[in-house]
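J.: To start, I am sharing the structure in question, which I have written as structure tokens.
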Amino acid sequence: MKERKYEILLKSLTLHIVSFIMILPFVWLVSTALKSPEEVFTQHLTLLPKKFMWSNFPAIMKAAPFDIYLLNTVIVCAGILAIQLILVIPAAYAFARLNFPGKGFTFILFVIQIMLPLEAIIIPNYLIAKALGLLNTRIGLILPFVASGFGTFQLRQTFKQIPASLEDAARIDGAGHFRFIWYVLIPLSKPTIITFSLISIATHWNDYFWPLIITEVDRVRTLTIGLGMFLQQESGSDWTLLMAATLYVCLPIIVLFLILQRTFIKSFLTSGIKG
């Protein structure tokens, strides 16, 4: 019994140490973002600022149009996610619950898409966007990512775990494919859908390469590109503004995860349970 207690204590201590190490850079980021420039380079290490410089955040807004960058990022991430869900949910349903010729081969093509990095198809994507006149547009930022092989695979696995008896009952009640998806599959798969949504938003919120290639003007740039331009502009001269800008970029996605973390964790805890 004592050995078991010591084992639990050791695991708990290890987790706390690792958590502290992982969160320390973010704490230091927040601390530096709220300091004055004079407090950054001192002989004595201080975590809490002597005076909280909330004015750093209005200052970065004056230095660069971060409000426009934020709006563009929200529109792009929300647009990608909305179209992904519209396409992914019916595709996952077809692969999980329906039988049709070429089902296995078609699903393999979806899985292969997961293996292809964006960099491998960046030139064809750029040429297509240029031919369609989508350079420097939000639609051009959204279009290459509307189909998700990962999302299709993830939801397919969840839909396959839904008991067939529920589908039979829905059929007896006169429900068609879309009513069964809307009233049965989606409510029961909510943790998986939210998990996929978080992964999609985080991925495209932090995406740098594609927006860098396709955008040249501030009116369509996203936060990551705006932050990169701001770093070049400041050239490391004012670390307080640089950290304030970095915090402004990463804080929304962190808050979103903290709000939805219970559902995110629940999806992993229930992923292997079948009814």
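J.: Would you confirm whether any residue within region 45-52 is surrounded by 15 or more Cβ atoms within 10 Å (Cβ to Cβ) and over 30 Å from residue 163 (Cβ atoms)? I'd like the intermediate steps shown before the answer.
T.: So in region 45-52, the residues surrounded by 15 or more Cβ atoms within 10 Å (Cβ to Cβ) come out as 49.
If we keep only those that are over 30 Å from residue 163 (Cβ atoms) too, we end up with 49.
Yes.
J.: Here's something else I'd like to know. Exactly one condition in (1) in a helix (DSSP H, G or I); (2) more than 25 Å from the chain's Cα centre (by Cα) is not met by residue 44; state its number.
T.: Unmet condition: (1).
J.: Can you work out which of the residues in region 1-41 that are in contact (Cβ under 8 Å) with a residue 12 or more places away in the chain, assigned to a helix (DSSP H, G or I) and among the hydroxyl-bearing types (Ser, Thr, Tyr) is nearest to residue 243 (Cα to Cα)?
T.: Of everything passing the filter in region 1-41, 32 is nearest to residue 243 (Cα to Cα).
J.: Just a yes or no: is a residue in region 234-247 under 27 Å from residue 193 (Cα atoms), within 21 Å of the chain's Cα centre (by Cα), surrounded by 15 or more Cβ atoms within 10 Å (Cβ to Cβ) and of a type in the set (Val, Ile, Thr)? First the steps, then the outcome.
T.: Kept after step one, since they are under 27 Å from residue 193 (Cα atoms), are these residues of region 234-247: none.
For region 234-247, residues under 27 Å from residue 193 (Cα atoms), within 21 Å of the chain's Cα centre (by Cα), surrounded by 15 or more Cβ atoms within 10 Å (Cβ to Cβ) and of a type in the set (Val, Ile, Thr): absent.
J.: Pick from 156, 138: which is in contact with a Gly (Cβ under 9 Å, 6 or more places away or on another chain) and modelled with pLDDT of 90 or more? Write out each step before concluding.
T.: Numbers: 156 fails: in contact with a Gly (Cβ under 9 Å, 6 or more places away or on another chain).
Matching residue, one of 156, 138: 138.
J.: Determine whether region 102-109 contains at least one residue that is under 15 Å from residue 144 (Cβ atoms) and part of a loop (DSSP other than H, G, I, E, B).
T.: Quick first cut of region 102-109, residues under 15 Å from residue 144 (Cβ atoms) only: none.
No: zero hits.
J.: If a residue has to be closer than 30 Å to residue 219 by Cβ and either among the hydrophobic types (A, V, I, L, M, F, W, C) or surrounded by fewer than 15 Cβ atoms within 10 Å (Cβ to Cβ) (or both) to count, how many in region 137-169 make the cut? Show your work before the answer.
T.: We begin by selecting, within region 137-169, every residue closer than 30 Å to residue 219 by Cβ; these are 137-148, 151.
Among the residues that remain, those that are also either among the hydrophobic types (A, V, I, L, M, F, W, C) or surrounded by fewer than 15 Cβ atoms within 10 Å (Cβ to Cβ) (or both) are: 139, 141-143, 145-147.
The total comes to 7.
J.: Can you tell me how many residues in region 170-202 are outside any helix (DSSP H, G or I) and surrounded by fewer than 16 Cβ atoms within 10 Å (Cβ to Cβ)? First the steps, then the outcome.
T.: Of the residues in region 170-202, the ones outside any helix (DSSP H, G or I) are 173-176, 189.
In the following step, the residues that additionally are surrounded by fewer than 16 Cβ atoms within 10 Å (Cβ to Cβ) were identified as 173-174, 176.
Of the residues in region 170-202, 3 are outside any helix (DSSP H, G or I) and surrounded by fewer than 16 Cβ atoms within 10 Å (Cβ to Cβ).
Here's the yes/no breakdown for (1) surrounded by fewer than 17 Cβ atoms within 10 Å (Cβ to Cβ); (2) closer than 15 Å to residue 209 by Cα; (3) modelled with pLDDT of 90 or more; (4) aromatic (Phe, Trp, Tyr):
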{"position": "98", "(1), (2), (3), (4)": "yes, no, no, no"}
{"position": "111", "(1), (2), (3), (4)": "yes, no, no, no"}
{"position": "120", "(1), (2), (3), (4)": "yes, yes, no, no"}
{"position": "123", "(1), (2), (3), (4)": "yes, yes, yes, no"}
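J.: Right, another one. Scan region 163-189 residue by residue and report those that are farther than 21 Å from residue 88 by Cα, touching a helix residue (DSSP H, G or I) at 6+ places or on another chain (Cβ under 8 Å) and not small (Gly, Ala, Ser).
T.: 166, 171
J.: Just the residues that are within 16 Å of residue 238 (Cβ to Cβ) and at pLDDT below 80, please, taken from region 36-54.
T.: 41, 42
The values are calculated or read from the model by the stated rules, or taken from the named source; none is laboratory data. Predicted, not measured: the structure shown is a model, and the values here were computed from it. Cβ atoms come from the backbone with ideal geometry, glycine included; neighbour counts cover every protein chain shown.
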